[in-house]
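The values are calculated or read from the model by the stated rules, or taken from the named source; none is laboratory data. The shown structure was predicted, so the numbers you read here are calculated from the model rather than taken from an experiment. All Cβ positions, even for glycine, are placed from backbone atoms using ideal geometry, and neighbour counts span all protein chains on display. What goes into the accessible areas is simple: the full protein's heavy atoms, side chains included, and nothing from ligands, DNA or RNA. Shrake-Rupley method; radii C 1.70, N 1.55, O 1.52, S 1.80 Å.
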Amino acid sequence: MDKLKSESRFFVEWTYTETMNYTAIVLAAGKGCRSHLSYNKVLFPYQGQPILQKSLDLFESDPDCTQIVVVCAREELADFKARFANSKTLFTIGGKTRQNSVFNGLNCTKEPYVLIHDGARPFASIQLIERLKKAVVDYEAVVPGVEVVDTIKEIDDKGFFVCTPMRDHLRAVQTPQAFKTVLVKEALRRAIEEGVLVSDDAMAVELFKRKKSYCVPGELANFKVTTPQDLERLTEVKEEA
């Protein structure tokens, strides 16, 4: 039995090592309206560099990531190429919605797996990336989530609370979200063609491929920079050495 377990562990590790090349799609086509900035929030400086660079550095440091696709606004394309170009990275133009932007990125993707990440989440860790990579080979759709602290209630269209889901069954989801490329690309294609607006890529997979996403532990530090309060929070972040 011990020999069988040992051989099984070896097989899993060998499979993961041999098959886990992936493309990272980094979304950076936002306008920064909710942050009250006059420019794209992914260019907000943190420790002397735009916060987008943090995400790019993360994926550039991972040898399993063979390609980074940065999705940006047409009017910022030349500037982004000048600031962020390297041997792994290519650039494409965003669409009118987030899902159109992701789909444009997927059209550039060369690898069988993809990690889709918000460029305004600068503090994802390599440990989170490793959890996603290990799980996506088995589950094909994997999303990081953190436990919900507050009680969440659902309301009706008249403003009355109608139900209170158990917190143990709720997670606040994050990016990167990891998928088998053909799975999420087909799901988003159908969402766009049918005019269905999805709030994240996993929702498209749930709706159009009838595929559940597996949840791996997210990270509280992996917050999305959206509001002026988030910009203030950047100054409070102390990264581990």
(request) Confirm whether Asp118 is open to solvent by 10 Å² or more (accessible area, probe 1.4 Å), out of contact with any Asp or Glu (no Cβ under 6 Å at 6 or more places or on another chain) and more than 28 Å from Ala191 (Cα to Cα). (result) no
(request) Out of Ala135, Ala187, Ala191, Ala141, report the one residue that is without any contact (Cβ under 8 Å) to a residue 40 or more places away in the chain, open to solvent by less than 20 Å² (accessible area, probe 1.4 Å) and within 19 Å of the chain's Cα centre (by Cα). (result) Ala187
(message) Considering only the range 61-77, I want to know if a residue exists there that is under 25 Å from Thr235 (Cβ atoms) and hydrophobic (A, V, I, L, M, F, W, C).
(response) no
(message) It is to be established whether one or more residues within the range 199-207 are within 18 Å of Thr97 (Cα to Cα), in a loop (DSSP other than H, G, I, E, B) and modelled with pLDDT of 95 or more.
(response) yes
(message) With the requirement that a residue be touching a Gly at 6+ places or on another chain (Cβ under 8 Å) and modelled with pLDDT under 80, what does the range 1-29 give you?
(response) none
(message) List pairs: first residue in the range 219-238 and closer than 23 Å to Val148 by Cβ, second residue part of a helix (DSSP H, G or I) and modelled with pLDDT under 90 anywhere in the structure, Cβ distance under 6 angstrom, at least six positions apart or on different chains.
(response) none
(message) Filter the range 148-173 down to the residues that are assigned to a strand (DSSP E or B), over 21 Å from Ser199 (Cα atoms) and open to solvent by 90 Å² or more (accessible area, probe 1.4 Å) and list them by number.
(response) Phe161
(request) Specify the residue that is surrounded by the fewest Cβ atoms within 10 Å (Cβ to Cβ); the eligible residues are those in the range 200-232 that are within 16 Å of the chain's Cα centre (by Cα) and aliphatic (A, V, I, L, M). (result) Leu220
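Listed here are the residues, each with its yes/no results for (1) among the charged types (D, E, K, R); (2) more than 21 Å from Ser101 (Cβ to Cβ); (3) under 16 Å from the mean Cα position of the chain (by Cα).
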{"site": "Arg167", "(1), (2), (3)": "yes, yes, no"}
{"site": "Arg171", "(1), (2), (3)": "yes, yes, yes"}
{"site": "Leu197", "(1), (2), (3)": "no, no, no"}
{"site": "Leu234", "(1), (2), (3)": "no, yes, no"}
(message) Give all pairs with beta carbons closer than 7 Å in which a residue from the range 59-84 that is more than 17 Å from Leu115 (Cα to Cα) and in a loop (DSSP other than H, G, I, E, B) meets a residue that is open to solvent by 10 Å² or more (accessible area, probe 1.4 Å) and not hydroxyl-bearing (Ser, Thr, Tyr); count only pairs at least 6 apart in sequence or on separate chains.
(response) Ala73/Ala29; Ala73/Gly94
